[in-house]
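Input: a single structure, listed below in structure tokens.
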């Protein structure tokens, strides 16, 4: 079997996982979920003609004589100017926001006092602001300017038309969608199920008890917590299958028992060394799994594998947590995104400028470096992470380089959950 590149490995993985079944969830649980179908407005927004100002709702045709001044023949030097014509309208009542409009529509010469957000009464086609009229009496107003039809009115469907798509299929429900969905009367929506991912850590040296003191030669398993956090970050539901000793039969037994359990994916860490330590590969061979690859042309990741076990996608990752961290983002995360219905599950690649030189060990493979990516004055800048920092991107170092220079442009894959300020 030829050793695939990173892109070829991603192609193999994505070819063997499909979006899961859909489910209906209430709106308050929809944040971040992926739309299984187009989510449409049940109601138009607004669903009634609405006033945009505090003022008076009226018929524009009743105001056209307002403001008419003297004709040219009646004006001239030395002649007194006649005041602009005024229109007098009767105020029928008041319409506050949230009140149903009156059953009786406007007749000629009538108006309703109306508040912002109020429903226009039948027959009204214009709104004039309070400051543009004068009150002649408690039930009459005077206008000296004409009104145009549609002034200060939000027609039905201004924000959303009935049946308009709010969230396209394959897109995540974002905070900005929530008020639109609520006002459009969408209380439930169809989203893809979260993928269930089983995780298994292998190693005689690993202990599960985080409160005890490990004896010499042993250590507390950290990958189980790392993987659980990464799976949740990418929308999955982790299921901890525990820690198993370095034994081919024991590994094969737990994989055989769990593969039919409704998992979208299974992940193991450790047991990926050469020769007698190649335990996971031998366990999969016993189970007659379909092997996709058993090493990759990258570091870390040369000792990694993927297979299909029954109907479940399987990832065999190395033991060191830094390697697990980087490989999860590039191999497992795209599979989880595809399982949730993302239309574009692959990582995005951008170019960024190195802020510090990066010395390297020369190698024939692509190298992965955890890094920090930031934006400054419209430029993307990247550097290696410090010990107290979380990575938010991965530098893709091309083969056969001994050093990357300060200021050099490099290829970087931002981690989708780590760059809220960069729009990536």
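The values are calculated or read from the model by the stated rules, or taken from the named source; none is laboratory data. Every value quoted in this text rests on a predicted model; they were computed, and no experiment measured them. Virtual Cβ from ideal backbone geometry, glycine too; neighbours counted across all protein chains shown.
For residue 313, indicate whether it is at pLDDT 95 or above and either within 31 Å of the chain's Cα centre (by Cα) or not assigned by TED's automatic domain parsing to the domain that holds residue 390 (or both). First the steps, then the outcome.
Numbers: at pLDDT 95 or above: yes; either within 31 Å of the chain's Cα centre (by Cα) or not assigned by TED's automatic domain parsing to the domain that holds residue 390 (or both): yes.
So residue 313 passes the test.
Scanning segment 324-345 for residues that are in a loop (DSSP other than H, G, I, E, B) and in contact with a helix residue (DSSP H, G or I) (Cβ under 9 Å, 6 or more places away or on another chain), which turns out nearest to residue 402 (Cα to Cα)? Steps first, please.
Taking segment 324-345 as the starting set, the residues that turn out to be in a loop (DSSP other than H, G, I, E, B) are 340-345.
Remaining after also requiring in contact with a helix residue (DSSP H, G or I) (Cβ under 9 Å, 6 or more places away or on another chain): 342, 344-345.
Numbers: 342: 37, 344: 34, 345: 32 Å.
Restricting to residues being in a loop (DSSP other than H, G, I, E, B) and in contact with a helix residue (DSSP H, G or I) (Cβ under 9 Å, 6 or more places away or on another chain), the top hit is 345.
Got a number for residues in segment 400-424 being modelled with pLDDT under 90, farther than 15 Å from residue 370 by Cα and part of a loop (DSSP other than H, G, I, E, B)?
8
Does residue 250 fit the bill of being in contact (Cβ under 8 Å) with a residue 12 or more places away in the chain and outside the structural domain of residue 361 (by TED's automatic domain parsing)?
On the way: in contact (Cβ under 8 Å) with a residue 12 or more places away in the chain: no; outside the structural domain of residue 361 (by TED's automatic domain parsing): yes.
No: the conditions fail for residue 250.
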### Query
For segment 273-285, does any single residue satisfy the condition of being under 26 Å from residue 341 (Cα atoms) and either assigned by TED's automatic domain parsing to the domain that holds residue 322 or modelled with pLDDT of 90 or more (or both)?
no
### Query
Which members of segment 170-185 meet the condition of being assigned to a helix (DSSP H, G or I) and either surrounded by fewer than 13 Cβ atoms within 10 Å (Cβ to Cβ) or not assigned by TED's automatic domain parsing to the domain that holds residue 34 (or both)?
179
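Results for (1) without any contact (Cβ under 8 Å) to a residue 24 or more places away in the chain; (2) in a loop (DSSP other than H, G, I, E, B); (3) surrounded by 14 or more Cβ atoms within 10 Å (Cβ to Cβ); (4) out of contact with any strand residue (DSSP E or B) (no Cβ under 9 Å at 6 or more places or on another chain), shown as yes or no for each residue.
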position: 347; (1), (2), (3), (4): no, yes, yes, no
position: 353; (1), (2), (3), (4): no, no, yes, no
position: 356; (1), (2), (3), (4): no, yes, no, no
position: 364; (1), (2), (3), (4): no, yes, no, yes
position: 369; (1), (2), (3), (4): no, no, yes, no
position: 373; (1), (2), (3), (4): no, no, yes, no
position: 383; (1), (2), (3), (4): no, no, yes, no
position: 389; (1), (2), (3), (4): yes, yes, no, no
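One line per residue, one yes/no per condition, for (1) in a loop (DSSP other than H, G, I, E, B); (2) in contact with a strand residue (DSSP E or B) (Cβ under 7 Å, 6 or more places away or on another chain); (3) at pLDDT below 95:
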{"residue": "103", "(1), (2), (3)": "yes, no, yes"}
{"residue": "128", "(1), (2), (3)": "no, yes, no"}
{"residue": "142", "(1), (2), (3)": "no, yes, yes"}
{"residue": "151", "(1), (2), (3)": "yes, yes, no"}
{"residue": "163", "(1), (2), (3)": "yes, yes, no"}
### Selection from segment 219-253 of residues that are more than 36 Å from the chain's Cα centre (by Cα) and either modelled with pLDDT of 90 or more or surrounded by fewer than 15 Cβ atoms within 10 Å (Cβ to Cβ) (or both)
219, 245, 247, 248, 249, 250, 251, 252, 253
### Task
Look through segment 1-28, keep the residues that are closer than 30 Å to residue 182 by Cβ and in contact with a helix residue (DSSP H, G or I) (Cβ under 8 Å, 6 or more places away or on another chain), and return whichever of them is modelled with the lowest pLDDT.
20
### Query
In this structure, does residue 383 turn out to be out of contact with any helix residue (DSSP H, G or I) (no Cβ under 6 Å at 6 or more places or on another chain) and modelled with pLDDT under 90?
no
## Note on the structure
Only unsatisfied item for residue 118, checking (1) surrounded by fewer than 17 Cβ atoms within 10 Å (Cβ to Cβ); (2) over 20 Å from residue 138 (Cα atoms), is (1)
